[in-house]
Amino acid sequence: AGAGGPSAIRPVKLDKECELRIEVGPDTPLRLRLLTGTAEIFGTEIAPEIWLTFPPRLKFAVYTWYGATIELDGTTETDYTADETPMISYVNVHAVLEGRRNRAKASPNDSDSSQGPRVIVVGPTDSGKSTLSRMLLSWAAKQGWKPTFVDMDIGQGTITIPGCIAATPIEMPIDPVDGIPLEMPLVYFYGHTTPSVNADLYKVLVKELAQTLERQFTGNAESRAAGMVINTMGWIEGVGYELLLHAIDAFNANVVLVLGQEKLCSMLKDVLKSKPNVDVVKLQKSGGVVSRNAKVRQKARSYRIREYFYGLANDLSPHSNITSFSDLSVYRIGGGPQAPRSALPIGAEPAADPTRLVLVNINRDLLHLVLAVSFAKEPDQIISSNVAGFIYITDIDIQRKKITYLAPSAGELPSRFLIMGTLTWLET
Ligand code: ADP
């Protein structure tokens, strides 16, 4: 095994309750298939015999409950077998959640007990939050539930591009290669990859998303009983901690899963004491979770945006469009230069309303920004509206007053209202 080794098909035998941890090499994909037994990748069972192709750099594990033989074809950065995993404790959590879903389903007419589990997964960066969320969702979907996945990780983004908070129902176990199908996720655009840029805006958007989901649940007993799995960002100190508490509250979470941090767990237990219906559970972090430094994270963000426009396997063809400045209205939310004290009446404090909507002058500062296309019908609805998708600004011609942008498809945008943040991308 290891980088640079000859590419030959090789079998790997896995004993029961073991996992093969793989990091695909940097340049070429890896093929893998299940020969005997049963195995799953982050909660999704893999079909026997069929070759699966994993893209370069992907990090994942093939786990078996009862034993399996796998075949690998291609080079890996690393691959090794581990017999110590937290999978039993994870599947025990799943079993408890299943019990709650069944109880919720059995009492559809009671507004309280018809609510299935609302699980929020918290912990530092690289503790395996996204992976655990994924397993819990896939195991539930395998049993026929359609739980709602809420992704609040603005740093990475599993449902859509970074800088967003989003939700989508999970109707099938999540595909180990393709991830979550991007049918019609409910997406709110925050526009930054760290919450500190505008924590108030972040809270407003979380609240909007939570309220929209609540409305959807009212009319849908099935998804209400299936509940939610909420993935959070790894920011757990200071403002990050405050935002976690805010999210627990906004989504009415009743199960808090804390990955790999004693201190966070005891802090949460302490503050949530007053809410007896909220369970705080500490779970072990998997030894397989790979740490990613700031540079790797930045790269992952960039790949994610690329994937939005071009597809995972370059299978999408985005369209380059040119339009006049006057056809678009670009807004920024909050921030920006405040009025200097000297310009204000004596005694007045400069107010930086974090959710103030500011119409932006179109100029070359917009170059290489990723903007969201709002569903708002009027500017004053922009903050409370979810977004249809994203465009990427590739050229600004000041003289001719024309903007060139990349969009997932040709044709007119669903709205003239665009939202800008600080999310940039350099197409490579
Ligand atoms: P977090 O959401 O807490 O930042 P992730 O769940 O995204 O952490 O995990 C970090 C990385 O580790 C991901 O690339 C994920 O695929 C990988 N990973 C997680 N668990 C395992 C495992 N058991 N074996 C191999 N890789 C893993």
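Each value in this text was obtained by applying a stated rule to the coordinates, not by laboratory testing. All values reported here derive from a predicted model rather than from experimental measurement. Cβ placement follows ideal geometry from the backbone for every residue including glycine, while neighbour counts extend to all protein chains displayed.
Seen from a random direction on average, the alpha-carbon convex hull of segment 1-105 projects onto 7.2 square nanometres. Whole-Hz Karplus values for segment 381-387 come out as 9, 4, 5, 8, 9, 7, 10 Hz, taken residue by residue from phi with 6.51 cos²θ - 1.76 cosθ + 1.60 and θ = phi - 60°; glycine and proline positions read x.
When the Karplus curve 6.51 cos²θ - 1.76 cosθ + 1.60 is applied with θ = phi - 60°, which whole-Hz ³J(HN,Hα) does each residue of segment 363-376 get, with x for Gly and Pro? So the Karplus estimates, Gly and Pro as x, are 8, 5, 4, 7, 4, 6, 8, 9, 10, 9, 9, 7, 8, 4 Hz. Relative intensity of segment 268-339 on a log10 scale, I(q)/I(0) at q = 0.12, 0.27, 0.28 Å⁻¹, equals -0.85, -1.13, -1.15, per a Debye sum over C-alpha point scatterers of equal strength in the absence of solvent.
To the nearest 500 deg cm²/dmol, what mean residue ellipticity at 222 nm is calculated for the chain from DSSP H runs of n ≥ 4 alone, each contributing -39,500 (n - 2.57), summed and divided by the residues? Provide the component values of the computation, followed by the final result.
Values: 7 runs with 99 residues, N = 428.
That calculation yields -7500 deg cm²/dmol at 222 nm.
List the GluC sites (Glu not before Pro) within segment 45-149 that fall in a DSSP loop (any state other than H, G, I, E or B) and whose Cβ has at most 15 other Cβ atoms within 10 Å. If you can, show how the numbers build up before the last one.
Values: sites: Glu45, Glu49, Glu71, Glu77, Glu84, Glu98; in loops: Glu49, Glu84.
Answer in residue order: Glu49, Glu84.
Residue by residue, segment 174-188 carries 3J(HN,Hα) couplings of 5, 5, x, 9, 7, x, 8, x, 8, 5, 9, x, 8, 10, 10 Hz when phi is fed to the Karplus relation 6.51 cos²θ - 1.76 cosθ + 1.60 (θ = phi - 60°); x denotes Gly or Pro. Close amide H contacts of Leu30 (hydrogens built in the peptide plane, cut-off under 5 Å, sequence separation of 5 or more or a different chain): Phe54. Over segment 182-329, the hull volume per residue, using the convex hull of the C-alpha atoms, is 194 Å³. Taking the empirical scaling 2.2 N^0.38 Å for compact globular proteins as reference, segment 363-402 has a Cα radius of gyration ratio of 1.38. Hull volume per residue, based on the alpha-carbon atoms of the chain and their convex hull, is 168 Å³.
Taking all C-alpha pairs of segment 174-228, those more than 17 Å from each other amount to 57 percent. Across the chain, C-alpha contacts under 8 Å between residues 6 or more apart give a mean separation that, scaled by the residue count, equals a relative contact order of 14 percent.
A simple spin-label model places pseudo-atoms 7 Å from Cα toward Cβ; at Val177 and Ala352 they are separated by 4.7 nm.
Cut-off under 14 Å on the C-alpha distance; same-chain residues fewer than 8 positions from Lys273 excluded. Which aspartates and glutamates are left, in chain and number order? Straight-distance partners of Lys273: Asp249.
Label-to-label distance, Lys142 versus Asn220, with points set 7 angstrom from Cα along the beta-carbon direction: 2.4 nm. At 7 Å along Cα-to-Cβ for each site, give me the label-to-label distance between Lys401 and Thr78 in nm. Placing both labels 7 Å along Cα→Cβ, they lie 5.7 nm apart. Cross-link check: pairs Lys207/Lys263; Lys59/Lys285; Lys105/Lys146; Lys142/Lys275; Lys13/Lys299; Lys263/Lys285 evaluated at a Cα-Cα cut-off of 22 Å; pairs beyond the cut-off: Lys207/Lys263; Lys142/Lys275; Lys13/Lys299. Pair-distance distribution P(r) for segment 53-111, from all Cα-Cα distances in 5 Å bins starting at 0: 4, 11, 17, 14, 13, 11, 9, 8, 7, 4, 2 percent. Only lysines eight or more places from Lys269 in sequence, or on another chain, were considered; those with a Cα closer than 17 Å are Lys282.
Taking amide H as placed 1.01 Å from N in the peptide plane, the amide H of Thr78 sits under 5 Å from that of Glu23, each at least 5 places away or on another chain.
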